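The values are calculated or read from the model by the stated rules, or taken from the named source; none is laboratory data. Being a predicted model, the structure only gives us computed values, none of them experimental. With ideal geometry, Cβ positions are generated from the backbone for all residues, glycine too; neighbour counts draw on all protein chains shown.
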Amino acid sequence: MAVLSKIRERSVFLIIIIAMALFAFVLSGLFDANLFNKNATNIGEVNGEAIGREEFAQQVEFYRSRSNGTSTNIQNVNNAWNSLVREKIYETQLKKSGVVVGERDVWEAIISQPSIQNSPQFVNEAGIFDQEKLKEYIATIKDGAEDSEEGKAQWLAWINYEKSIKNNLEQNTYNSLIKAGLGSTLLEGKNEYFFKNASVDLDYVYVPFSSISDSLIQVTDEDVKNYIKKHKKEFKSEASRDIEFVSFNIAPSVEDEQEIKNELTKLIEDREEYSSAAKSSVNVTGFKNATNMAEFNAENGSDTSFDTSFHVKTDLTKILADSVFNKNINKVYGPYKEAGFYKLSKVVAVKQLPDSVRASHILLPFAGSSIADPTITQTEEDVMKVADSILAVVKADASKFEEIAKEMSVDKVSGAKGGDLDWFTYKTMIPEFRDYVFENNVGDIGIVKSQFGVHIIKIDGQKNKQRAVQIATFSKLIEPSENTENQIFEQAETFASELSSGKSMEELAKEHNYTVRPVFNLEAFDDNIVGIGSQRQIVRWTFEENTNENDIKRFDTDNGYVVAKLVKKNKAGYSLKGKNVRGIILNEKKANIIKERSTAESLEELAKQNNTSVKKSLAISNTSPVFSGEGRFIDVAGVVTALDENKLTKNIVGKNGVVFAIVTKKTLPTELKNYNASKKTIERELQSKNALIYEAIKDNSEIEDNRAFFY
């Protein structure tokens with residue numbers, strides 16, 4: 001949809017306005033984008049080390065190339081940022097540690113890679129890996145970086161490969177240093193063994209928080225603020241924006257559809273048209289009588305090309321199977337609507353074809369064919385002569401086909417079976433191969449050339465011959481007309497203009513029967529907006545310094561236009577989003593109430609004070625923390641297994657309630673001669689947290705992020 005080109009066509013006045021706006025944008029860029037600010041050339045800083053624009057742009061391009069265009073620009077930006085931040089954080093840590101990963105280290109790591117060692121490209125005549133060949137390759141792609149975009153991309157890929165090797169070395173080196181310090185002692189192993197295997201029998205009173213009504217507790221805003229102050233890290237939130245918007249999607253109208261349908265109707269029959277070249281009326285062949293369907297579709301602007309394949313009924317869409325398949329040749333069906341198109345269809349040829357075929361082949365490659373390796377030097381003409389000789393032999397004695405296939409076919413899978421390809425259906429093979437085996441007879445042997453090389457083919461079997469048709473279809477995409485695009489543009493412009501004059505979006509939308517959609521908590525690097533997809537331009541606008549609350553702006557989108565309003569700027573600070581702080585405080589206050597009223601010094605009296613009863617539980621341990629009749633209390637088990645026998649312990653606060661307990665029996669595990677196994681278990685658990693190392697040093701790094709100025 002050429003929305004922007006349509007805008008340019010609207011009027012000279014609009015072009016002037018756009019030019020002025022672009023000029024103003026350039027000027028504002030000079031000042032507002034901080035080009036004269038010391039940070040203008042930096043995307044950010046990590047521990048005082050800058051991430052420059054050029055360095056960052058190369059990394060973004062690397063991620064774009066690696067994704068083959070499937071990722072959005074902001075995803076590439078975020079990936080590049082995370083990669084560079086990680087790289088520089090580890091560089092800083094290694095410098096502090098006095099460890100340097102040098103060029104020699106990187107080179108040794110590169111040549112030890114299996115993909116490098118085993119590549120035929122880097123082995124000498126003796127079949128041994130040769131560093132010099134790798135160096136020659138690197139020099140070649142470096143020289144080719146300026147010759148083409150492909151050469152530039154290849155060199156960039158190699159640079160990033162080297163960087164990834166270096167980064168991995170640095171990270172592994174630093175992590176190894178950390179791991180070396182994550183040891184344990186035999187005493188710690190012993191304590192761990194006893195902690196996990198000690199068990200207790202106990203009498204206890206359990207008072208759940210749910211026994212106290214929420215209505216009896218008051219949680220104030222001040223309580224919440226104080227809790228957040230004590231747990232700042234948990235509630236830190238980035239700056240965000242709240243917006244609301246109305247979409248104006250450009251979609252074909254009923255009139256547009258009818259116009260396209262009428263256009264196809266006129267194409268069916270032959271017609272007289274005036275020819276300026278002939279300076280007279282000429283007869284133009286219609287779809288019904290056209291014989292060269294590929295040419296007809298091209299000349300008349302079909303949005304789909306002519307399909308030369310033959311189809312059995314089960315291969316077709318429901319419309320074609322029900323309404324076209326059984327029609328006589330050149331009997332037109334349509335115009336009909338299918339999958340966003342208006343179409344005309346007719347049967348142009350009918351054959352009896354099997355639904356499946358069994359065949360064998362001998363495949364001979366020639367230089368330039370898609371499976372030919374650099375050692376193949378025979379031309380197509382040379383290979384065809386060999387194929388003719390083989391054809392003469394196997395036609396004279398078909399029993400020799402299997403032996404020759406095993407010896408000469410480069411298709412080693414089928415060659416090992418004498419060339420047998422087993423049974424396959426019509427759409428399985430490439431057209432040249434398919435047409436031969438489906439349109440000839442069992443026992444026929446012939447030669448076919450394809451992108452893979454030259455095939456000597458033997459048809460071994462065919463099943464279920466049936467009617468197959470070749471169908472010509474002329475299609476026109478159902479899309480909006482220029483008039484429809486203009487109307488939608490005017491609606492969006494009018495709506496934005498009326499809003500800018502101070503009218504309420506809700507009231508104005510209701511008046512025009514538009515739908516207002518709110519979006520909350522958009523963050524600076526968000527890319528996707530619910531309801532309209534990837535709209536980085538809108539997110540950026542909401543974070544621009546000159547954009548204020550209640551500002552209105554119209555945006556062009558892939559499907560039309562969006563009129564957006566910035567409702568609220570939420571500053572960076574603290575947020576309760578996703579956190580049940582009031583619930584946590586509520587339980588803390590309930591725990592205090594239970595503690596305050598539980599003044600007795602015996603379980604029986606404590607049970608009376610809390611309107612419950614004394615219970616027993618046997619063999620409670622940290623590996624089996626199940627309290628009879630109550631459930632799993634992992635947090636409480638960790639406390640009671642460490643208690644002495646016959647001593648009342650009060651106010652053990654768990655996740656869901658308060659416990660009072662007396663250990664009646666404590667069973668310790670059998671002492672071991674050596675606690676090395678437990679020691680190693682601790683070390684494994686510590687080292688399994690390797691992924692947390694980076695997050696820990698990142699939290700303690702100084703990171704300045706300026707991406708929002710540039711992306």
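A few remarks follow.
- Count of residues meeting criterion [free of Cβ contacts under 8 Å to residues at least 12 places away in the same chain and part of a helix (DSSP H, G or I)] in segment 387-406: 6
- In the set (1) out of contact with any strand residue (DSSP E or B) (no Cβ under 6 Å at 6 or more places or on another chain); (2) free of Cβ contacts under 8 Å to residues at least 60 places away in the same chain, GLU479 fails one condition alone, (2).
- Hits in segment 643-678 - residues which are small (Gly, Ala, Ser), within 29 Å of PHE209 (Cβ to Cβ) and in contact (Cβ under 8 Å) with a residue 60 or more places away in the chain: GLY657, ALA661
- Residue among SER83, SER164 that is touching a residue at least 12 places away in the same chain (Cβ under 8 Å), of a type in the set (Ser, Thr, Tyr) and either part of a helix (DSSP H, G or I) or in contact with a helix residue (DSSP H, G or I) (Cβ under 6 Å, 6 or more places away or on another chain) (or both): SER83
- Residue in segment 407-426 that is surrounded by the most Cβ atoms within 10 Å (Cβ to Cβ), counting only those that are touching a Leu at 6+ places or on another chain (Cβ under 6 Å) and part of a loop (DSSP other than H, G, I, E, B): SER409
- Whichever residue in segment 517-544 is under 24 Å from LYS503 (Cα atoms) and of a type in the set (D, E, K, R) and, among such residues, is surrounded by the most Cβ atoms within 10 Å (Cβ to Cβ): ARG517
- Considering SER360, SER369, the condition of being in a loop (DSSP other than H, G, I, E, B), touching a residue at least 24 places away in the same chain (Cβ under 8 Å) and assigned by TED's automatic domain parsing to the domain that holds VAL454 is satisfied by SER369 alone.
- Condition check for THR494: over 30 Å from GLU263 (Cβ atoms), assigned by TED's automatic domain parsing to the domain that holds THR542, surrounded by fewer than 18 Cβ atoms within 10 Å (Cβ to Cβ) and of a type in the set (Val, Ile, Thr): yes
- The condition of being among the charged types (D, E, K, R), assigned to a strand (DSSP E or B), in contact with a helix residue (DSSP H, G or I) (Cβ under 9 Å, 6 or more places away or on another chain) and not assigned by TED's automatic domain parsing to the domain that holds ALA290 holds for LYS458.
- Within segment 504-581, strands (runs of 3 or more DSSP E) holding 1 or more residues that are touching a strand residue (DSSP E or B) at 6+ places or on another chain (Cβ under 8 Å) and without any contact (Cβ under 8 Å) to a residue 24 or more places away in the chain: 552-557
- Contacts under 8 angstrom Cβ, first residue in segment 215-226 being touching a residue at least 60 places away in the same chain (Cβ under 8 Å) and at negative phi, partner part of a helix (DSSP H, G or I) and of a type in the set (D, E, K, R), 6 or more apart: ILE217/LYS589; ILE217/LYS590; VAL219/ARG582; VAL219/LYS589; VAL224/ARG582
- Checked against the criterion of being modelled with pLDDT under 85, surrounded by 12 or more Cβ atoms within 10 Å (Cβ to Cβ) and not in a loop (DSSP other than H, G, I, E, B), the candidates ILE89, ILE51, ILE18 yield just one match: ILE18.
- Any hit, segment 471-482, residues being among the β-branched types (Val, Ile, Thr) and more than 30 Å from SER305 (Cα to Cα): no
- Among residues of segment 439-481 being under 30 Å from ASP388 (Cβ atoms), β-branched (Val, Ile, Thr) and in contact with a His (Cβ under 8 Å, 6 or more places away or on another chain), the one that is surrounded by the fewest Cβ atoms within 10 Å (Cβ to Cβ) is ILE447.
- Residue satisfying condition, being of a type in the set (Asp, Glu) and either in contact with an Asp or Glu (Cβ under 8 Å, 6 or more places away or on another chain) or within 14 Å of VAL357 (Cβ to Cβ) (or both), within set ASP411, ASP420: ASP420
- Meets criteria (part of a strand (DSSP E or B) and of a type outside the set (S, T, N, Q)) for LYS351: yes
- In segment 630-639, residue farthest from the chain's Cα centre (by Cα) [restricted to those that are of a type outside the set (Gly, Ala, Ser) and more than 13 Å from TYR206 (Cα to Cα)]: VAL639
- Qualifying positions in segment 323-340 - under 20 Å from LYS476 (Cβ atoms), in contact (Cβ under 8 Å) with a residue 40 or more places away in the chain and either assigned to a loop (DSSP other than H, G, I, E, B) or not assigned by TED's automatic domain parsing to the domain that holds ASN262 (or both): VAL324, VAL332, GLY340
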